[in-house]
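The values are calculated or read from the model by the stated rules, or taken from the named source; none is laboratory data. Since the model is a prediction, treat every value here as computed from it, not as a measurement. So basically every Cβ, Gly included, is an ideal-geometry build from the backbone, and we count neighbours across all protein chains shown.
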Amino acid sequence: MEFKQSNKMADVCYEIRGPVIEHADALEEAGHSVLRLNTGNPALFGFEAPEEILQDVLRNLSRAHGYTESRGILPARRAVAQHYQSLGIDVGVDDIYLGNGVSELVSMAVQALLDDGDEVLIPAPDFPLWTAVTALAGGKPVHYLCDESADWLPDLDDMAAKITDRTRALVIINPNNPTGAVYPRELLEGMLDLARRHGLMVFADEIYDRILYDDEVHHNAAALAPDLVCLTFSGLSKAYRVAGFRSGWLVVSGPKQHASDYLEGLGTLASMRLCPNAPAQYAIQAALGGRQSINDLVLPGGRLREQRDRAWERLNEIPGVSCVKPKGALYAFPRLDPAVHKIHDDEKFVLDLLLREKIQVVQGTGFNWPRPDHFRILTLPYADDLDAAISRIGRFLAGYRQ
Ligand code: PLP
């Protein structure tokens, strides 16, 4: 008897933790040290969890052993609601769903919406969970292009041209992973206007909303479009540096009377996963209410800012490599000029880099970028480690041919 994966898996890919990982594991087992620059996991790079978050979780641990309400504990939902109210978004505790990370909530939100063949507009490049979850839900991911020559901002004309009568939702990832683009208000308004004109639900993935460099300002999609049904996603994995707690939230805003049936479905999915991990829910109130230590990290002289600068400078020094300066988030997405670096298969490129230099990055096509001419690198390692890693990538590229 042979067990095969279901047909539903046919278009489901998640290369950030893809097959190259097995090679990295094998190298480590053979005694090599591998620099893992594939997952945006701050804990791996010396970022500590904020003390106030740890204390609150510990203080509540002895009463966190039971299931909670499916949507999550009230104090945490209240803290999330108050946070978004302070940003001008009209929501209450019943509009908040806590989850085991944003990832679980993305999966629930998409599954509750799509019928087979329904289309979802997703950026290219994207955080690939959105594409994978859409495919798994029987939907069709339709990618709108982000324009590298315009600081990776989404191309509104391309987006408009891809809307059909099957399009149900628009995904906005701002700040974007992998490009680090932060969207100006006018552009967001243009995107939201398309959603308005075509009756689309808005999924706003804003998990990097506090990781902004160079005086960038983050605009919440929900605040700009109170007349649209908008689901905003964020959580503790990045700015609060506790990715392993698996703690995130989803906020429903806008004219919910037009989404009551959808919300019933979302509620059923929330109940089916019983509840989010309870101890981690106790981290949310402390995180949102306390001092925002992330600000120190992104300011000039702050660790993340310095690392972003260093990665961007060093990448641009490699012949045939160019990189748009990331304005937010934890990544850089450099381009390999096809006239200089002839790469036909970027997964092979990533594997060859791993085998030769013991550095693991992720190929651009893993982010649904249509050509094999990009890769993503984290800006999480210390600046000197980034320096060393990027020098090795440059050395590797100098002699690399496919
Ligand atoms: N959304 C984006 C844009 C991400 O980059 C990530 C993780 O890298 C997630 C969501 C998932 O976050 P979580 O750890 O909350 O599941």
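Given the condition in contact with a Lys or Arg (Cβ under 8 Å, 6 or more places away or on another chain) and more than 24 Å from residue 108 (Cα to Cα), answer yes or no: does some residue in segment 185-198 qualify? Checked against the condition, which is being in contact with a Lys or Arg (Cβ under 8 Å, 6 or more places away or on another chain) and more than 24 Å from residue 108 (Cα to Cα), segment 185-198 yields no hits at all. Per the listing 166, 197, the residue uniquely free of Cβ contacts under 8 Å to residues at least 24 places away in the same chain and either out of contact with any Pro (no Cβ under 8 Å at 6 or more places or on another chain) or more than 20 Å from residue 368 (Cβ to Cβ) (or both) is 197.
A residue that is more than 16 Å from the ligand (Cβ to nearest atom) and either closer than 19 Å to residue 100 by Cβ or not small (Gly, Ala, Ser) (or both) can be found somewhere in segment 167-181. The residues of segment 111-129 that are more than 13 Å from the ligand (Cβ to nearest atom), touching a residue at least 40 places away in the same chain (Cβ under 8 Å) and not hydrophobic (A, V, I, L, M, F, W, C), listed by number, are 111, 117, 118, 119. None of 308, 241, 314 is in a helix (DSSP H, G or I) and within 19 Å of the chain's Cα centre (by Cα) except 308. Considering segment 366-402, the residues that are at pLDDT 95 or above and hydroxyl-bearing (Ser, Thr, Tyr) include one that is surrounded by the most Cβ atoms within 10 Å (Cβ to Cβ), namely 379.
Can you find a residue in segment 344-364 that is of a type in the set (Phe, Trp, Tyr), part of a strand (DSSP E or B) and surrounded by 23 or more Cβ atoms within 10 Å (Cβ to Cβ)?
no
A search for C-beta distances below 7 Å between a residue of segment 12-24 that is at positive phi and in contact (Cβ under 8 Å) with a residue 60 or more places away in the chain and any residue that is outside any helix (DSSP H, G or I) and acidic (Asp, Glu), counting only pairs 6+ apart in sequence or on different chains, returns nothing. Flag: residue 44 does not match the condition of being touching a strand residue (DSSP E or B) at 6+ places or on another chain (Cβ under 6 Å), within 16 Å of the ligand (Cβ to nearest atom) and touching a residue at least 40 places away in the same chain (Cβ under 8 Å). For segment 211-238, the tally of residues that are among the small types (Gly, Ala, Ser), under 15 Å from the mean Cα position of the chain (by Cα) and part of a loop (DSSP other than H, G, I, E, B) stands at 1.
Tallying residues that are within 28 Å of residue 290 (Cβ to Cβ) and in contact with a helix residue (DSSP H, G or I) (Cβ under 6 Å, 6 or more places away or on another chain) within segment 183-210 yields 3. Considering each residue of segment 203-210 in turn, none proves to be surrounded by fewer than 24 Cβ atoms within 10 Å (Cβ to Cβ) and in a strand (DSSP E or B). For first residues located in segment 224-245 and among the charged types (D, E, K, R), partners that are within 10 Å of the ligand (Cβ to nearest atom) and lie 6+ apart or on another chain with Cβ distances below 7 Å form the pairs 238/40; 238/207; 238/208; 238/330. Please verify whether segment 51-68 includes one or more residues that are within 16 Å of the ligand (Cβ to nearest atom), of a type outside the set (S, T, N, Q) and outside any helix (DSSP H, G or I). No, the conditions are met nowhere in segment 51-68. Within segment 205-242, the set of residues being touching a Ser or Thr at 6+ places or on another chain (Cβ under 6 Å) and under 15 Å from residue 99 (Cβ atoms) comprises 206, 207, 235, 236.
Residue-by-condition table, conditions (1) surrounded by 23 or more Cβ atoms within 10 Å (Cβ to Cβ); (2) at pLDDT 95 or above; (3) more than 12 Å from the ligand (Cβ to nearest atom):
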| residue | (1), (2), (3) |
| --- | --- |
| 234 | yes, yes, no |
| 245 | yes, yes, no |
| 253 | yes, yes, yes |
| 260 | no, yes, yes |
| 268 | no, yes, yes |
| 276 | yes, yes, no |
| 279 | no, yes, yes |
| 287 | yes, yes, yes |
| 293 | no, no, yes |
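Among the residues making up segment 362-389, those that are closer than 28 Å to residue 302 by Cβ and out of contact with any Phe, Trp or Tyr (no Cβ under 9 Å at 6 or more places or on another chain) are 383, 384, 386, 387, 388, 389.
Within this structure, residue 80 passes the test of being in contact (Cβ under 8 Å) with a residue 24 or more places away in the chain and within 15 Å of the ligand (Cβ to nearest atom). Can you name the residue in segment 95-110 that is among the small types (Gly, Ala, Ser) and touching a residue at least 40 places away in the same chain (Cβ under 8 Å) and, of all such residues, is farthest from the ligand (Cβ to nearest atom)? Only one residue tops the list, namely 109.
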